[in-house]
Amino acid sequence: MGESEEVKLLGTWYSPVVLRAKIALRLKSIDYVYVEEDLFSSKSELLLKSNPIYKKVPVLIHNNKPVSESLNIVEYIDETWNSSGPSILPSHPYDRALARFWSAFVDYKWFPAFRAAVITKSEDAKEKGMKEVEEGILQLEEAFVAISKGKPFFRGEAIGFMDICLGSFLVLLKAREKLKGEKLLDELKTPSLCKWADKFLSDETVRNVAPEIDKVAEFLGELEAKAHSAASKS
Amino acid sequence: MAESRSEEVKLLGMWVSPFSRRIEIALTLKGVPYEFSEQDITNKSSLLLQLNPVHKMIPVLVHNGKPISESLVILEYIDDTWPNNPILPQDPYDRAMARFWAKFVDQQIYVAAMKMVGKIGEERDAAVEATRDLLKLLEKELVGKDFLGGTSLGFVDIVATLVAFWLMRTDEIIGVKIVPVEMFPEIHRWVKNLLQNDVVKNCIPPEDEHLKYIKARMDSLKIKSV
């Protein structure tokens, strides 16, 4: 063996954050070995060794050195393969700051609120949580309008960091829509984000690596069924 | 009078906030002059609300009229804008590691440390143990290094001043020596190294005033120290 550019990605086919890494690798035309992890049985030795603190996917292993945390991985890919493919982060410091700010908003505020609202058994908590999620979507709509300045994506003419960050959740959101009939992006309240979402999901790079919405919906249905049967047994 | 100069830098912050102080360290390391505006977060100014409508928190850096919030985002912005005396390493892998550890301090250590406050007895002890478990990872990172950034002060050190000069100043209010030197010799060695750096030494809250403030705050919140 002994390739000088050995790139491996540990992930799961349904994970939005793993999708981020896949999109970035594809944008830069990087050849890599993909390893599907089964997080429901036991985590692989390689995963535990590569991400001992969090034991989560995605993990990118480049020349035997592991990088974890999806947004770190995307930045790492952008910086390492900076002469191939489009640049994922904008070049101007202020635009970069905006991309980082809003991606932090998605990862540390918006998506955790969404996940909590989805999981909770309390109707009150769900209602309160979904309100926060909706507020967040409106803020993201405003941010998109300000940042994209009339272009199709946050990054401009082509997808970039913030598109990848938020866009990676779209498959999950659409899958939930299919499964539950709950629509998060409303054409009336968030018209620009709706247009952006369609463009993102039909982008060639994204289409090539994203999981099928139907398959994810089926998977979510199975997860829910398992959770219900486990709850009724306890 | 000239209204807008080309390099107007303003920082909305708080003298006791670790998140605000880390920005001051970064700006000072780079020799960037700035105007500091002390904020009262119990009575938020309209300026703060206007500049950070999403989170309504400090610190906020305003550069040429444009606001940036979230301390880690601000630190990267500062490094991007003023490339002298770089804070982040040059190598992409080292940068990824630096970002990882910075997030670890803010998302893991800080969150665990906050859970120690206001607890007593077994609950307190469990929270302290959980915090120490995380600190042990930082301890491991320091073996053979003067700083978390390696031979010199870097991104993670600046972020981790939260541990050195905030977490490690709360022994009295938590009621236990959270970071004993026998358990954390590397961290203690690292704190000494930090204090050798003039910028850090001058940019952190003076210890006496800081301890007084912490105690007064706990008293006002009626949180007893045990």
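We did not get these values from a lab; they are worked out from the coordinates using the rules stated. Since we're looking at a predicted model, the values are computed, not measured. Every residue, glycine among them, receives a Cβ derived from its backbone with ideal geometry; neighbour counts consider all protein chains shown.
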Distance in nm between pseudo-label sites at B:Glu38 and B:Val16 (7 Å out along the Cβ direction from Cα): 1.2 nm
Along each principal axis, Cα extent of region B:14-97, largest first, Å: 42, 25, 24
Crossing angle, helix B:18-29 versus chain B [Cα axis fit, 0-90 degrees, rounded to tens]: 50 degrees
Electrostatic dipole magnitude of chain A [Cβ: Lys, Arg +1; Asp, Glu -1; Cα centre; debye, to 20]: 320 debye
CD proxy at 222 nm, helix term only [per DSSP H run n ≥ 4: -39500 (n - 2.57); per residue of chain B; nearest 500]: -15000 deg cm²/dmol
20 Å cut-off, amide nitrogen to a point 7 angstrom out along A:Lys121 Cα→Cβ, residues in region A:198-234: A:221-234
Computed label-point distance, nm, for sites B:Asp80 and B:Asn197 using a 7 Å Cα→Cβ extension: 2.2 nm
For chain A, alpha-carbon Rg over 2.2 N^0.38 Å: 1.04
Fluctuation leader among B:Thr161, B:Thr131, B:Thr81 - chain B, Gaussian network, Cα springs under 10 angstrom: B:Thr81
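Please give the length that would be gained between B:Val181 and B:Asp208 if that part of the chain were fully extended, namely 0.36 nm times their separation in residues minus their C-alpha to C-alpha distance (nm, one decimal).
Working: separation 27, 0.36 × 27 = 9.72 nm, distance 2.09 nm.
Taking 0.36 nm per residue and subtracting the Cα distance, the gain is 7.6 nm.
Please report, in cubic angstrom per residue, the volume enclosed by the convex hull of the alpha-carbon atoms of region B:92-225.
Numbers: hull volume 13.9 nm³, N = 134.
It is 103 Å³ per residue.
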Amide H contacts of A:Asn82 (H built 1.01 Å from N, under 5 Å, at least 5 apart or other chain): none
Cα long-axis angle, helix B:155-165 against chain B (0 to 90 degrees, to the nearest 10): 50 degrees
Order of A:Ile53, A:Ile23 - criterion: other Cβ atoms within 10 Å of each residue's Cβ, fewest first: A:Ile53, A:Ile23
0 to 90° range, to nearest 10: angle between helix B:71-81 axis and chain B longest Cα axis: 40 degrees
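Can you give the convex hull volume per residue for the Cα atoms of the protein assembly as shown, as a whole number of Å³? Please list the in-between numbers first.
On the way: hull volume 87.4 nm³, N = 460.
Here the figure is 190 Å³ per residue.
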Simple spin-label estimate for A:Glu36 and B:Leu137 in nanometres, 7 Å along Cα-Cβ: 2.9 nm
Kirkwood Rh and Cα Rg combined as Rg over Rh, evaluated for region A:15-88: 0.97
For chain B: span of alpha carbons on each principal axis (Å, largest first): 60, 43, 29
Dipole-positive endmost among A:Phe111, A:Ser148, A:Leu138 within region A:93-214 (Cβ charges, Cα centre): A:Phe111
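Volume per residue, Å³, of the convex hull around the alpha-carbon atoms of region A:98-234?
Working: hull volume 15.1 nm³, N = 137.
Hull volume normalised by residue count: 110 Å³.
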